[in-house]
Structures are given as C-alpha cells and as structure tokens.
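One structure is given here, and the rest of the page talks about it.
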Amino acid sequence: MYARREILKSLGAVPLATILASPELAKAAASTLENQTLKLDNGKSVSAALALPDGGPAPAVMLIHEWWGLNDQIKSVAAEFAKSGYVALAVDLYSGNVATDPEGARKYMQATDAKEATETLQKWNGWLRGHQATTNHLGTVGWCFGGGWSLNASIASPVDATVVYYGNVTRSPEELVKLQGPVQGHFATQDKWINQEMVDGFVANMKKAGQKDPEVYWYEADHAFANPSGGRYDQEDAQLSWQRTQAFLKTHLG
C-alpha cells in the first residue's frame, strides 16, 4: 500500500495524456490498482482492477476496456478517476487476455459471450454498490468495444450516468426503456462504423423509449481519437471529451 501511495504521489502532477502515451508511465499508474475477483453463477472467476481515492465514501465509476482488453492504458484511466475522487473499477471481459495487434483484438472481441459479459457487469455493479468505499451513485464509461458495453451495462443494471466513447449504440426502444440515468456519447465524424446514421438512430430510439435526449458530441476525428497510444489520437479532441466526461459525471454522480 505504501508503494502504491508513493507512485500515485509521483504521478499526481503528470497529465493523463502524458501517462497514456508512455508505456512506462502507464505501467506505473496501472501498478497502483488492486486486483479483485468474483464468481459468476457458473462458478467462473472474473477479475477487475480497483483504484481508490483518498478519503471517502465516494461515487463509483465502472470502466470497460477497448477491444484490446484490460491493458495498462485503461488501468491508468481508472487511476486518474481515483485522483479525481471516484472509486474506479476497470472490468475485464477478456478473462485476462490482452491483445497487442488488431488480429488478436478481433479474436478476443468476437469470442466474448454476450450473456456472460452481461452477468459479469451486473455482478460488478452489485459489488461496487456494496463496497464500503462507495456512495449510492454509480456510472459507467467505455471506449470502442467497451463503449457499447457501457451502454449494455446500464441497460442490464441501474446506473446514474452512462458515457460511451465511439461504441456501438444500436439498441431498440424496448432495450433503452430500461435505462435509469442519462447518457453522454462521444463520436467521430471520420468513423466509418460508429457513424452518423447509427447515432441518429440511437437518439431517435431514446425518444421512442421516453428517455431524455442523450448528450451527444461530434469531433472532427477518427475512431479511437482519445487513445494516445494509437495512430488516430487527436490531442485536442481527447482533452475536450475528457473534460466533458468529467463534468457530466460530476453533475450526475456528485
């Protein structure tokens, strides 16, 4: 615990983008998280990485990784949320697997069992709500693959706020009616898959479901623009989307 505190202290003044762009700094930030496990109904163990803020109790944020898996980058973002005063839990939907190339990422993503992933997120929702360090407020944040699963998690179990970064938001009104909190989405104009047509359909279906209009932002960028370790990174838009995410969660989680 002492070592974790010292690492967090040394990284305290380092901007998130700098940490995420450096494998060494990201690894150091990731090392401050605590591994957690729980069992699904079939007996399978699933894991997540926990970052705790100073003081407490605090609102909780559940993070869901990109198609690469639960790597140091996502754990570093969890550490940043903890620095901002949240209990942050980065969930693993790949059973410990982490891809280093698109082929591997695609394999792990396609192998994800939707029923098992949904149960995993429901279990972690309950785990966070029962944790002594948390208040009764919980939000979800996800990127790419995890962006879609951030929305799925909020449909499957009640949360107070949902943030989607360029994730699949094709959902029926019958699914969206289950949401119990507002949604914020960050999308890229050059994204060939998570495109205007998909997002417009999502907004329309939110209306049909009787939900509040989602808070949608578009950026002159490409898919994965918020990931400093990738070739599509857009620093200005990444920083702006992060500021908007922080403001949204502060408003709805307290």
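Overview of results
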{"quantity": "Subset tally (residues that are modelled with pLDDT of 95 or more, in a strand (DSSP E or B) and open to solvent by 10 Å² or more (accessible area, probe 1.4 Å)) for the range 136-155", "calculated": "2"}
{"quantity": "Sole exception among (1) farther than 20 Å from LEU40 by Cβ; (2) surrounded by 16 or more Cβ atoms within 10 Å (Cβ to Cβ) for SER84, by number", "calculated": "(2)"}
{"quantity": "Tabulated pairs, the range 55-70, first open to solvent by 10 Å² or more (accessible area, probe 1.4 Å), second among the β-branched types (Val, Ile, Thr) and not in a loop (DSSP other than H, G, I, E, B), C-beta under 6 angstrom, 6+ apart or interchain", "calculated": "PRO57/THR134; PRO57/THR135; PRO59/THR135"}
{"quantity": "The range 171-200: number of residues that are closer than 12 Å to VAL216 by Cα and open to solvent by less than 10 Å² (accessible area, probe 1.4 Å)", "calculated": "7"}
{"quantity": "Failed item in (1) assigned to a loop (DSSP other than H, G, I, E, B); (2) touching a residue at least 24 places away in the same chain (Cβ under 8 Å); (3) not hydroxyl-bearing (Ser, Thr, Tyr), with GLY230 passing the rest", "calculated": "(2)"}
{"quantity": "Lone unmet requirement of (1) touching a Phe, Trp or Tyr at 6+ places or on another chain (Cβ under 7 Å); (2) among the small types (Gly, Ala, Ser); (3) closer than 26 Å to LEU179 by Cβ for ALA99", "calculated": "(3)"}
{"quantity": "Condition check for GLN239: in contact with a helix residue (DSSP H, G or I) (Cβ under 9 Å, 6 or more places away or on another chain), closer than 27 Å to LEU138 by Cβ and in a helix (DSSP H, G or I)", "calculated": "yes"}
{"quantity": "Boolean, VAL203 is open to solvent by less than 60 Å² (accessible area, probe 1.4 Å), closer than 27 Å to SER157 by Cα and touching a residue at least 12 places away in the same chain (Cβ under 8 Å)", "calculated": "yes"}
{"quantity": "Count - residues of the range 202-233 that are of a type in the set (D, E, K, R) and modelled with pLDDT under 95", "calculated": "1"}
{"quantity": "Search result, residues across the range 87-131 that are open to solvent by 60 Å² or more (accessible area, probe 1.4 Å) and in contact with a Gly (Cβ under 8 Å, 6 or more places away or on another chain)", "calculated": "ASN97, VAL98"}
{"quantity": "Long-range neighbours under 8 Å by Cβ, at least six apart or interchain, first residue within 26 Å of ASP54 (Cβ to Cβ) within the range 132-152, second open to solvent by 10 Å² or more (accessible area, probe 1.4 Å) and charged (D, E, K, R)", "calculated": "ASN136/ARG129; HIS137/ASP160; LEU138/ARG129; LEU138/ASP160; GLY139/ASP160"}
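The values are calculated or read from the model by the stated rules, or taken from the named source; none is laboratory data. All values derive from a computational prediction rather than experimental measurement. Note that each Cβ is placed from the backbone with ideal geometry, even for glycine, and that neighbours are counted across all protein chains shown. These area figures cover heavy atoms from the full protein model, side chains too; ligands, DNA and RNA do not enter into them. Shrake-Rupley method; radii C 1.70, N 1.55, O 1.52, S 1.80 Å.
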